[in-house]
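Engineer: Shown below is the structure under consideration.
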Amino acid sequence: MPIVTQLPLTFAFLVQDITTALLTFDRLEVYRSRTGLNGIYDPAMAAAAAPAALSGRNREPHQLSGKTLSFLVNGATQVDVTFAGPDPYTTAAAVADIIAATPLVTPSVGPNTELVLTTVATGSAASIKILSSEAAPFLGFDTDQASIGLDAYVPLVVGQHEYRWTDQNSDPSFYYKWRLRHSVTMQVSEFSAPITAKEVQGLDYDATIGVFFKIYDLQGRPLSGRRATIANQFLPNLVSGGGLFRHFSDLVTNDVGYAEGRLVRGAQIDFAIEGTNFVRRLQIPTVGDLVDLLDPALVIEDEFGIQQPNIDFAIRLS
């Protein structure tokens, strides 16, 4: 899977009960999988923004005289370092040549005399990628070996339910999950369900609002795996210069009876929960950052007022 993609994708995370969350946690952290839904999730964040770094496998001395090491920094700048000194090369001598060639990386000697390349830039936009070059295998680097930096944890804020983060090197094939942590006690919450980058929306997040609902039975047990259907009433039918189509979307409750998603601000929808007679026509608010779909204040009509004519979507004429 690619590591340096230079494709920025923005994610929005909803903390429904921020007041309770802040009693235990003060940061949000994200993990990324480049190997599918059930792949390995590596940290995309750290306590402070960190650079990208690569370590060669080979110890000194190196046979580098007359050879060139090529690498790409931050996805944009190719650096070619030609080692002009005599063999055998110490790692410190290689470091001196790299320092003279570029200010974009900070090379150093690793604990086993291997070469370490570290970007000056930090965060997920920082990257380093080894290009095909004669000196790479002599230092223990593989062609296309790459690394990207880490962004800082996202601070939680009193009263704020929505938190946005942009992965500057994302890809539609990547998956993400997140959790909360405390920066001092290091206590962490459970992970969220994985989300796929291909579902990141095209509309700006400011045009949408986070929505959620939570349901129980009469004995107070959470109703998990319960599907709610959100039917599009096509009001409005244009947002940010584009048409709103697809007739319905689904939200499914998790193990604690909770489901969340995003809807266009100001949209008129029909909201129905399977296995019940609950059907409501709702007006989604235009302000705020989170709304409970079970809030009675949103109701325009209940199940007795909603008319659903039986009209074919496409009628054959031949």
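Engineer: Could you pull out every one of the lysines with an alpha carbon less than 28 Å from that of Lys129, ignoring same-chain neighbours closer than 8 positions?
Structural biologist: Qualifying lysines at Cα under 28 Å: Lys67, Lys177, Lys198.
Engineer: How large is ³J(HN,Hα) for each residue in the range 223-238, as worked out from phi by the Karplus curve 6.51 cos²θ - 1.76 cosθ + 1.60 (θ = phi - 60°), to whole Hz, x for Gly and Pro?
Structural biologist: 8, 8, x, 8, 8, 10, 9, 10, 8, 7, 9, 6, 10, x, 10, 9
Engineer: May I ask you to order 32-39, 66-73, 181-188 by the average number of other C-beta atoms within 10 Å around their residues, highest value first?
Structural biologist: 66-73, 32-39, 181-188
Engineer: Residue-wise, which Karplus ³J(HN,Hα) couplings in Hz belong to the range 252-262, taking 6.51 cos²θ - 1.76 cosθ + 1.60, θ = phi - 60°, and x for glycine or proline?
Structural biologist: 10, 6, 8, 5, 9, x, 10, 9, 9, x, 9
Engineer: Measure nothing fancy, just the Cα-based angle from helix 91-101's long axis to the longest principal axis of the chain, in degrees from 0 to 90, nearest 10.
Structural biologist: 70
Engineer: Note down the Stokes-Einstein diffusion coefficient of the range 19-146 in µm²/s, whole number, using a Kirkwood radius over alpha carbon pairs, 25 °C, and 0.890 mPa s. Can you show the working numbers first?
Structural biologist: Working: Rh = 16.1 Å.
For the chosen part, D equals 152 µm²/s.
Engineer: Let me ask something else about it. Each label point is 7 Å from the Cα along the Cα-to-Cβ direction; what then is the distance between the points at Thr276 and Glu301, in nm?
Structural biologist: Here the answer is 2.1 nm between the modelled labels.
Engineer: Continuing with this model, one more query. Using the basic label-point model (7 angstrom from Cα toward the beta carbon), what is the Gln6 to Ser173 distance in nanometres?
Structural biologist: Computed distance between label sites Gln6 and Ser173 equals 1.9 nm.
Engineer: For Ala21 and Asp144, compute 0.36 nm times the residue count separating them, minus their Cα-Cα distance, and round to one decimal in nm.
Structural biologist: This chain segment gains 40.2 nm when fully extended.
Engineer: Mind checking the dipole of the range 51-148: about its Cα centre, +1 per Lys or Arg Cβ, -1 per Asp or Glu Cβ, Debye to the nearest 20?
Structural biologist: 140
Engineer: Moving on. Among Asn38, Thr286, Pro155, flag the residue with its Cα farthest along the positive direction of the charge dipole of the chain, charges on Cβ as +1 for Lys/Arg and -1 for Asp/Glu.
Structural biologist: Selected residue: Asn38.
Engineer: For the chain, what is the mean residue ellipticity at 222 nm derived from helices alone (per DSSP H run of n ≥ 4: -39500 (n - 2.57); sum divided by total residues; nearest 500 deg cm²/dmol)?
Structural biologist: When only DSSP H runs of four or more count, the value is -1500 deg cm²/dmol.
Engineer: Where the only charges are on Cβ atoms (+1 Lys, Arg; -1 Asp, Glu), what is the dipole of the chain about its Cα centre, to the nearest 20 debye?
Structural biologist: It comes to approximately 200 debye.
Engineer: Report the far tail of the P(r) of the range 40-90, meaning the percent of Cα-Cα pairs longer than 16 Å.
Structural biologist: Result: 62 percent of Cα pairs exceed 16 Å.
Engineer: Then there's this: Gain in length, Leu203 to Ser189, computed as 0.36 nm per residue apart minus the alpha-carbon separation, to one decimal in nm?
Structural biologist: Extra length available between Leu203 and Ser189 comes to 2.1 nm.
Engineer: Here's something else I'd like to know. Ratio to report: Rg/Rh of the range 108-203, with Cα atoms as the point set and Rh obtained by the Kirkwood method; give two decimals.
Structural biologist: 1.07
Engineer: Could you order the peptides 244-251, 14-21 from most to least packed, using the average number of other C-beta atoms within 10 Å per residue? Could you put the intermediate results ahead of the total?
Structural biologist: On the way: 244-251: 12.0, 14-21: 14.8.
In decreasing order of mean packing, 244-251, 14-21 become 14-21, 244-251.
Engineer: Using every alpha carbon pair in the range 205-302, what percent of pairs falls into each 10 Å bin from 0 up to the bin containing the largest distance?
Structural biologist: Histogramming the range 205-302 at 10 Å steps yields 16, 49, 29, 6, 1 percent.
Engineer: Across 5 Å bins from the origin, how do the percents of Cα pairs in the range 147-276 run, short distances first?
Structural biologist: 2, 7, 14, 18, 19, 18, 13, 7, 3, 1, 0
Engineer: Could you tell me which of Ala135, Gly243, Ser124 has its Cα farthest along the dipole of the chain towards the positive end, charges placed at Cβ (Lys, Arg +1; Asp, Glu -1), taken about the Cα centre?
Structural biologist: Projecting each Cα onto the dipole axis, the largest value belongs to Ala135.
Engineer: Related question: Relative to the present Cα-Cα distance, how much length would full extension add between Thr106 and Asp217 at 0.36 nm per residue of separation?
Structural biologist: 34.0 nm
Engineer: Please list the three semi-axes, largest first and in whole Å, of the ellipsoid equivalent to the chain, using sqrt of 5 times the eigenvalues of its alpha carbon gyration tensor.
Structural biologist: Details: eigenvalues 529, 99, 49 Å².
Its equivalent ellipsoid spans semi-axes of 51, 22, 16 Å.
Engineer: Taking amide H positions as placed 1.01 Å from N in the peptide plane, with prolines and chain starts having none, which residues 5 or more places from Gly266, or on another chain, fall under 5 Å of its amide H?
Structural biologist: Ile284, Thr286
Engineer: List the relative contact order of the chain as a percent without decimals, with contacts defined as Cα pairs under 8 Å and 6+ residues apart. Could you put the intermediate results ahead of the total?
Structural biologist: On the way: 727 pairs, mean separation 59.9, N = 318.
RCO, the chain: 19 percent.
Coordinate-derived values only; no laboratory data. Please read all numbers here as calculations on a predicted model, not as lab measurements. As a convention, Cβ positions derive from the backbone with ideal geometry for all residues, glycine included, and neighbour counts pool all protein chains shown.
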